[in-house]
Amino acid sequence: MKLAISSIALFAGSAAAFGSFGAKSAPAAAPVVESFADNLVGALPPVGFWDPLGFAEKADDALLKRYREAELTHGRVAMIAVIGFLVGEKVEGSSFLFDAQISGPAITHIPQVPEGFWALLLLSIGATEQFRAEKGWVDPSETPIDQPGMLKADYTPGDLGFDPLGLKPEDPEEFREMQTKELQNGRLAMLAAAGFLAQEATDGKGIIEHLTSMS
């Protein structure tokens, strides 16, 4: 009886040994690579990641970075535009620029500007865009044909290195908070600028005139 039990135990151990030798070991887990969307700045409660048209679902990291670059750039331009609307109309008739001859709603100011101003404006815009292109974009000669407008791998959308007042925080959490504030103000400014344009085009009255009439 003892011999039979010993034989069974030996056979079971041998089978287990062969079974372990023949079985394939579980593959090692691949390292988790964080995508650009996983840590996207600007997704805030209660809305969270708001993408009703599904642009993000159809985009890879490279395209998402270009979307964010475009959003930041448009937001910055809109913030300047909103200030331009308000200041331009407020100093109407008393500004040292253009002999204080510019008047009326802000949307009518552009045709009143002397032609020489346009040359300076175009040069300024061109120089700014050239700086942005060299800072953030891969040289077109090194870009695949199917990936035009590729951003550099080490480029953070919107971070042009232009910080003359030294406002950029060193702490990552504080920097993320500042990025969020800029995004939110830029989004609000885009809505405000569009509203200013629509309002002045509708009734021909300036924004400052509307605000003073409400008081």
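The values are calculated or read from the model by the stated rules, or taken from the named source; none is laboratory data. What you are looking at is a predicted structure, and each value in this text was computed from that prediction instead of being measured. Cβ placement follows ideal geometry from the backbone for every residue including glycine, while neighbour counts extend to all protein chains displayed. For accessibility, only protein heavy atoms count, side chains too; no ligands or nucleic acids. Shrake-Rupley method; radii C 1.70, N 1.55, O 1.52, S 1.80 Å.
Listed values, structure above:
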| read-out | value |
| --- | --- |
| Some residue of segment 95-104 being in contact (Cβ under 8 Å) with a residue 24 or more places away in the chain and either over 28 Å from Gly42 (Cβ atoms) or touching a helix residue (DSSP H, G or I) at 6+ places or on another chain (Cβ under 8 Å) (or both) | yes |
| Evaluation of Lys65 against (1) at pLDDT below 95; (2) open to solvent by 40 Å² or more (accessible area, probe 1.4 Å) (one fails), failing number | (2) |
| Residue within segment 161-182 that is more than 20 Å from Gly75 (Cβ to Cβ) and open to solvent by less than 90 Å² (accessible area, probe 1.4 Å) present | yes |
| Lone qualifier among Gln130, Gln112 - being within 23 Å of the chain's Cα centre (by Cα) and without any contact (Cβ under 8 Å) to a residue 60 or more places away in the chain | Gln130 |
| Only listed residue being at pLDDT below 90 and surrounded by 13 or more Cβ atoms within 10 Å (Cβ to Cβ), chosen from Val113, Val77 | Val113 |
| In segment 80-110, residue surrounded by the fewest Cβ atoms within 10 Å (Cβ to Cβ) [restricted to those that are among the aromatic types (Phe, Trp, Tyr) and part of a helix (DSSP H, G or I)] | Phe98 |
| Among the candidates Lys135, Lys205, residue that is of a type in the set (Lys, Arg), surrounded by 11 or more Cβ atoms within 10 Å (Cβ to Cβ) and modelled with pLDDT of 95 or more | Lys135 |
